[in-house]
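**Q** To start, I am sharing the structure in question, which I have written as structure tokens.
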Amino acid sequence: MQLKISFLTFFFSSLLITTSCVSVQVSDNTVSTYSSEEKKPKNIILLIGDGMGLSQVSAAIYYKNGKPNFEHFSTIGLSKTSSASDLITDSAAGATVFSTGVKTYNGAIGVNKDTIAVPTIVEQLSQRGLATGIIATSSIQHATPASFYAHVKSRRMYEEITEFAPNSGVNFFAGGGLKFFNKRKDGNDLLAEMEAKGYKVITDQLPKTPSEKNELILLAEDGMPKINEGRGNFLPNATKLALDKLSKNEKGFFLMVEGSQIDWGGHNNDADYLIEELLDFDKTLGVALDFAKQNGETLVIVTADHETGGFTLASDGKDYNKVKPVFSTTGHSGTMVPVFAEGPGASKFNGIFESIAIYHKMMALFDK
């Protein structure tokens, strides 16, 4: 016993001597400790699997041929997802915490609980001269992508959300939502306004190479097609295209990529739909991880705004050698969601924390 105590005393004394740390306030009740010695990333890729809980991630193990990219992350944490108004968050409040670091009410897009606009990470980094991008398999006006560039009191205000795009400072948009630009109730042509602001507008297919201009790529009237409806490799290919473009900025970049329809499969209680979208998202993680490994200055973070469907992988009756997807709700659940991180600064995402901490951790890492 004496030997064990002496060893532990020596170990912790050495740890205190060799590690220099500072504390950063990340919320009213959450303090995160940061090592001043640790390298910070130049770039961050935030990948959000909408509605993706731990069972959804587990599905990649059972249904993917080969090792899922989820297993390539060395740091894993858990996020508590409740909003300011409800124990169970929706996607608008769930994404606004990532974009602004503020807990707000369900339905809010880039505003606090008093409907006051809060600067987003995209807006702040754009002002510093970093490149920014937003990709989704929904429309770009949908709750999660909208929360990174717009400020409205309700997620259903799609036309009002679209009005923020021309002056958003976002260098690369890709997803659906064309009709909210050119088939508006007010008759305005926001595609022309985007072009006047220097954007290259693309509505037919994903380009092979990035433009020197800012890009608005809209390949569907509203949400993108499902994987089983022919969407193909849009999400991984759009991610690669964005990385090719944004990485040319010497100051760094921030890219948000959403696997939007994992959530839609959960709402529909459609296991095939959910799993196909989850595997597409896992493929996209591979693109991000490959880039980060080659680049050496990029942090990859993967998480979810909430879990959808109360999805689980149960036994098929008494057959414990057969997994059967099961749902408990057509809505969201209050379960914690996983947070995966790889690259410079990844260790900051260890442990259990409130969802707002993700924003504050990212911003602290961008503060050189």
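**Q** Give the long-range amide H neighbours of L78: residues separated by 5 or more places, or on another chain, with amide H under 5 Å away, using H modelled in the peptide plane at 1.01 Å from N.
**A** Residues meeting the criterion, in which the H sits 1.01 Å from N, are V339, G351, I352, F353.
**Q** Something else now. Which entries in the list K80/K113; K42/K226; K245/K348; K39/K113 go over 29 Å, if you measure between the two C-alpha atoms of each?
**A** Flagged as over cut-off: K42/K226; K39/K113.
**Q** What ranking, highest mean first, results for peptides 310-322, 220-232 when packing means the other Cβ atoms within 10 Å averaged over each residue? Before the final figure, lay out the partial values.
**A** Details: 310-322: 12.7, 220-232: 15.5.
Result, highest mean Cβ count within 10 Å first: 220-232, 310-322.
**Q** Ranking E123, E159, E277 by Cβ neighbours within 10 Å, fewest first, what do you get?
**A** On the way: E123 22, E159 17, E277 30.
Ordered from fewest to most neighbouring Cβ atoms within 10 Å, E123, E159, E277 come out as E159, E123, E277.
**Q** Sort D189, D263 so that the residue with the fewest other Cβ atoms within 10 Å of its own Cβ comes first and the one with the most comes last.
**A** In order of increasing Cβ crowding within 10 Å: D189, D263.
**Q** For the chain, calculate the relative contact order in percent as a whole number, restricting contacts to Cα pairs under 8 Å that are 6 or more residues apart.
**A** Worked out over the chain, it gives 28 percent.
**Q** According to a simple spin-label model (label point 7 Å from Cα along Cα-to-Cβ), what is the distance in nm between D244 and S154?
**A** That separation, rounded to one decimal, is 4.2 nm.
**Q** Tabulate in residue order the Karplus-calculated ³J(HN,Hα) for the range 215-222, using 6.51 cos²θ - 1.76 cosθ + 1.60 with θ = phi - 60°, rounded to whole Hz; enter x for Gly and Pro.
**A** For the range 215-222, the Karplus curve yields 10, 10, 10, 10, 10, 7, 4, 10 Hz.
**Q** Please list, ordered by chain and number, the residues whose modelled amide H lies under 5 Å from the amide H of A220; skip anything fewer than 5 residues away on the same chain.
**A** Correct list: G177, L178.
**Q** Something else about it: Apply the Karplus curve 6.51 cos²θ - 1.76 cosθ + 1.60, θ = phi - 60°, to the phi angles in the range 359-368 and return the couplings in whole Hz, x for Gly and Pro.
**A** 4, 5, 5, 5, 5, 5, 6, 7, 7, 6
**Q** Considering only P207, P145, P41, give the residue with the highest GNM mean-square fluctuation for the chain, with springs between Cα atoms whenever their separation is below 10 Å.
**A** P207
**Q** If each DSSP helix of 4+ residues adds -39,500 (n - 2.57) and the sum is divided by the residues in the chain, what number results at 222 nm, nearest 500 deg cm²/dmol? Write out the running numbers ahead of the final one.
**A** Working: 12 runs with 120 residues, N = 368.
Value at 222 nm, helices only, nearest 500: -9500 deg cm²/dmol.
**Q** Rank the residues M194, M157 as a footprinting-exposure proxy: fewest other Cβ atoms within 10 Å of their Cβ go first.
**A** Sorted ascending by nearby Cβ count, the order is M157, M194.
**Q** A further question on this structure: For the pairs K283/K361; K64/K324; K40/K67, flag any whose C-alpha to C-alpha distance is greater than 19 Å.
**A** Distance filter (> 19 Å) returns K283/K361; K40/K67.
**Q** I'd like to know which of T239, V257, Q294 lies farthest towards the positive end of the charge dipole of the range 230-309, counting +1 on Cβ of Lys and Arg and -1 on Cβ of Asp and Glu.
**A** Of the listed residues, the answer is Q294.
**Q** Once you place label points 7 Å from the Cα toward the Cβ at D114 and D204, how far apart are they in nm?
**A** 5.1
**Q** Rounded to whole Hz and in sequence order, give me ³J(HN,Hα) for the range 264-280 from the Karplus expression 6.51 cos²θ - 1.76 cosθ + 1.60, θ = phi - 60°, writing x for Gly and Pro.
**A** 5, x, x, 4, 7, 6, 10, 5, 4, 4, 4, 5, 4, 5, 5, 5, 5
**Q** Among 43-53, 291-301, what's the highest-first ranking by average C-beta atoms within 10 angstrom per residue?
**A** 43-53, 291-301
**Q** Distance between the C-alpha centers of the range 230-290 and the range 117-188? Whole Å please.
**A** The distance from the Cα centre of the range 230-290 to that of the range 117-188 comes to 18 Å.
Every read-out reported here was derived from the displayed coordinates using simple, explicitly stated rules and does not represent laboratory data. From a predicted model like this one, the values you see are computed outputs, not experimental measurements. Ideal geometry is used to build each Cβ from the backbone, glycine not excepted, and the neighbour counts take in all protein chains shown.
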